[in-house]
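Reviewing the structure listed below.
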Amino acid sequence: MKKLEIILIIGTVIGLLLAIFKVPLNSLVVSVFFISLGILYFYLGFALFNDIPFRKIFIAESYKGIGPWRIAIAVGTGMALSELTIGFMFTILYYPMAKSLIVFGIVLAVIVIILALIRNTKEKNQFYRNIVIRCLVFLIIAVVILLIPGQIFEKS
């Protein structure tokens, strides 16, 4: 699933560039890749962040050694990143409620970061550091998108 995530992230960057340069049909590319990435994070985030392969999601042995806190933080991260991804898409396509989605995603991501930092002080696990780094990257992008003027992505 890591390869799928990388492919979708590359697609979202391409869609972002198409939108900035106002290439025809950019909204189609933006919609497909951003929605796909949001769905991946929302529904499969718990497996993606815990390095569980797609074929082993329904096998109980795949979850050995993964405690309930790791699952909960992975689910929360998936929800936060999905919310931010859809908020980014709404901003790029100049849809209403974009800022509300991004602000809600920022709040969720901050809560996940706080929980991950608390658990990391107790367990010292690389999983929690990866979650914090991933959420911080999305938070930086979200803050930048909130600070730039909305006319960059506006249809001409």
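Every number in this text was worked out from the coordinates using simple rules, so none of it is lab data. Remember, predicted model here, so these are calculated numbers, not experimental data. Here the Cβ positions follow ideal geometry from the backbone for every residue, glycine too, while neighbour counts run over all protein chains shown.
Counting only lysines at least 8 places from Lys2 when in the same chain, those with an alpha carbon closer than 16 Å to its own are Lys56. Of the GluC sites (Glu not before Pro) found in the stretch 83-155, the ones in coil according to DSSP and having at most 13 other Cβ atoms within 10 Å of their Cβ are Glu154.
Relative contact order, whole percent, for the chain stands at 22, derived from Cα pairs under 8 Å and 6 or more residues apart. Each of Thr121, Thr91 was scored by other Cβ atoms within 10 Å of its Cβ. Listed from fewest to most, they are Thr121, Thr91. In a simple Cβ point-charge model (Lys, Arg +1; Asp, Glu -1; nothing else charged), the chain has a dipole of about 340 debye relative to its Cα centre. How do Leu101, Leu139 rank when sorted from fewest to most other Cβ atoms within 10 Å of their own Cβ? Neighbour counts put them in this order, fewest first: Leu139, Leu101.
How far, in degrees from 0 to 90, does helix 68-92 lean away from the longest principal axis of the Cα atoms of the chain, to the nearest 10? Helix 68-92 sits at roughly 0 degrees to that axis.
Taking the Cα centre of the stretch 1-76 as origin and assigning +1 to Lys and Arg Cβ atoms and -1 to Asp and Glu Cβ atoms, the resulting dipole is close to 80 debye.
The angle between the Cα long axis of helix 26-49 and the longest principal axis of the Cα atoms of the chain comes to about 10 degrees, rounded to the nearest 10. Can you pull out the chymotrypsin sites (Phe, Trp or Tyr not before Pro) in the stretch 85-156 that DSSP calls coil and that have at most 15 other Cβ atoms within 10 Å? Taking the stretch 85-156 and a limit of 15 other Cβ atoms within 10 Å, the loop chymotrypsin sites (Phe, Trp or Tyr not before Pro) found are Tyr94. Round to the nearest 10 and give me the degree value, 0 to 90, for the angle of helix 98-123's Cα axis relative to the longest principal axis of the chain. Tilt relative to the chain: about 20 degrees.
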